[in-house]
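Only one structure is covered here, and it is reproduced in the block below.
Read-outs throughout are calculated quantities, based only on the coordinates presented, and are distinct from any laboratory measurement. For clarity, every value in this text was computed on a predicted model and none was experimentally measured. Cβ placement follows ideal geometry from the backbone for every residue including glycine, while neighbour counts extend to all protein chains displayed.
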2 protein chains.
Amino acid sequence: MAVSAVPDTAAGEVTDYEMVRDTRRVLAMLSRKWSVEVLYLLANGTRRYSAVLYEVGEISKKSLTRTLRALERDGLVARRVYPEVPTRVEYSLTPLGWSLTGPLVALYEWSAEHAQAAAEPQRPRLAIVPEP
Amino acid sequence: MAVSAVPDTAAGEVTDYEMVRDTRRVLAMLSRKWSVEVLYLLANGTRRYSAVLYEVGEISKKSLTRTLRALERDGLVARRVYPEVPTRVEYSLTPLGWSLTGPLVALYEWSAEHAQAAAEPQRPRLAIVPEP
DNA sequence: CGGCATCCCCTGGGATACTG
DNA sequence: CAGTATCCCAGGGGATGCCG
């Protein structure tokens, strides 16, 4: 695999298959519609369910619950239930969740840097003949 | 925004909204089922359509075409058509595509490092009472 | 308060067949 | 060879309503 600084299969013992598999595993954690927003929100501190619901804005309760459950299953978010009269539930980032903000911010920075490049319209889809 | 090394809105002028927006923009480019695999494949060198189809393996032609078109629209992949008898089409990474392999590999490395942490079963979903 | 349950829609992906 | 066209299915997301 010729990708940047990653060692090849010969010496470093990293196969393309593993790279694809692992990369997709992370992406699967993040590609849900509201995952990033919730993650960034909790990075600002612990929140109650209703607080997250309010701060995210347009999300439905069902989607929020699904998102939080998924993040919890992936070990990125911790859920704590306080058995009080009206139930209180608090969500926060786990250490694992925190460790993921690094790569996540790297993605953001890439997008910010290459914003116009990525936004500029591609050349029309015509047959492009190579120079003779 | 308290996320790692990113400056706050006050001084650095980076809003949560922009971070969420830009991060999701990149994720949208990558979250398609076969995007990563195709990207890694083309990182190994230019490929013809049929070569990609064969090397990826289980992908359908329809999905591959859609994936390539999407990657092309996002400016990550270049498409070159040779007007020959049986049509020949070659796909390769653009400089923008190459620049994305960095953050992408960062994701892979995170996944590789935290593989068991992410894989270990979460504690059963019971009410967890905070220490008194 | 913090969810499930239900219903409905829309998109992405697979399989197959056809074409310039 | 490099796609389209067509049909189908599964799952994610929104809206609403009910509940301990």
One residue of chain B has its C-beta nearest the axis rotating B onto A; that residue and its distance in whole Å are B:SER31, 2
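Students often check this: by mean Cβ neighbours within 10 Å, which of A:84-91, B:36-43 ranks highest, and how do the rest follow? Each step should come with its number before you reach the end.
Working: A:84-91: 11.6, B:36-43: 22.9.
So the order, starting with the most tightly packed, is B:36-43, A:84-91.
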Taking a straight Cα-to-Cα line shorter than 20 Å from A:LYS62, and setting aside same-chain lysines fewer than 8 residues away, one finds A:LYS33
So the pair-distance distribution of the range A:22-112, from every Cα-Cα distance in 5 Å bins, comes to percents of 3, 13, 25, 26, 18, 10, 3, 2, 1, 0
For the pair A:ARG21 and A:VAL85, the simple spin-label estimate (label points 7 Å beyond Cα toward Cβ) gives in nm 5.4
So A:LYS33 and A:ARG69, fully extended at 0.36 nm per residue minus their Cα-Cα distance, gain in nm 11.6 nm
quick shape note, the range B:44-83: Cα extents on principal axes in Å, largest first -> 25, 23, 19
Inter-copy distances for A:PRO83, nm, shortest first, label points 7 Å along Cα→Cβ, are 7.7
Neighbours of B:ALA106 by Cβ distance under 12 Å: Lys/Arg at +1, Asp/Glu at -1, summed charge -4
Averaged over the residues of B:25-35, the number of partner chain Cβ atoms within 10 Å of each residue's own Cβ comes to 5
Sorted shortest first, the nm distances from the A:LYS62 label point (7 Å along Cα→Cβ) to its counterparts in the other copies are 2.6
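Across peptide A:68-74, what mean number of C-beta atoms from other chains lies inside 10 Å of a residue's C-beta?
Mean partner-chain Cβ count within 10 Å for A:68-74: 2.
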So, in nm and shortest first, the distances from A:THR46 to its counterparts in the other copies, with label points 7 Å along Cα→Cβ, work out as 5.8
Averaging 1/r across every pair of distinct alpha carbons in the range A:63-106 and inverting yields a Kirkwood hydrodynamic radius, in angstrom, of 11.4
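Would you mind giving the mean number of other chain beta-carbons within 10 Å of the Cβ of each residue in A:51-63, as a whole number?
Details: counts 0, 0, 0, 0, 1, 1, 0, 0, 0, 0, 0, 0, 0.
That average works out to 0.
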Within the under-15-Å Cβ sphere about A:LYS62, not counting A:LYS62, Lys/Arg +1 and Asp/Glu -1 give a net charge of +4
